[in-house]
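Chemist: Got a structure for you, written out below as structure tokens; questions coming shortly.
The values are calculated or read from the model by the stated rules, or taken from the named source; none is laboratory data. Keep in mind that this is a model prediction, so the values were computed, not measured. These area figures cover heavy atoms from the full protein model, side chains too; ligands, DNA and RNA do not enter into them. Shrake-Rupley method; radii C 1.70, N 1.55, O 1.52, S 1.80 Å.
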Amino acid sequence: MAIRDRDKKKWQFAFGMPELIKAQRDLWTDQERIIKPIIDEYEKEEFDQRICYAMEYNLSVKITTWSNGFTSNMTGRIHYVDPISYQLRIELLGGEFQQIDFEDVIGGQSLIKCCSNYHLFTFNFLLQLP
């Protein structure tokens, strides 16, 4: 006569409370968060110059933003810098516009087309706040 045991089934997690599952997901996402980098005055000045250069020559930029501990990248052309509301307006490659707060921008790259090749010029930036 064979033993009819449930093997692993009796030791596996049979049901999950929604609170426990949510707490585990929150724990996993909290572990992936990063702190916001500190930008000094020199980097802010460098960004101001490069943003003006990109607007003047209509160059594409790849901007890195920080939001709630996570970073995201977007590529497009800088359409307008709004000094009143402290926002950048970027025309994305799809033709739509996105507004980004100055304080969320932590880095970027300027894409310059030269001899049918794109060259990347890396810069860290943040616009000066009053």
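Chemist: Determine the order of Ser67, Ser60 by accessible area, beginning with the largest, at a probe radius of 1.4 Å.
Modeler: Putting Ser67, Ser60 in descending order of accessible area: Ser67, Ser60.
Chemist: As a test of reading the structure, rank Ile21, Ile78 by solvent-accessible area (1.4 Å probe, protein chains only), most first.
Modeler: Ile21, Ile78
Chemist: Give the aspartates and glutamates whose C-alpha is closer than 17 Å to that of Lys62, dropping any in the same chain fewer than 8 places away, or say none.
Modeler: List returned: Glu43, Glu46, Asp48, Glu91, Glu96, Asp101, Glu103, Asp104.
Chemist: With every protein chain left in place and a probe of 1.4 Å, what is the accessible surface of Asp30, to the nearest 10 Å²?
Modeler: Spelled out: Asp30, probe radius 1.4 Å, area about 90 Å².
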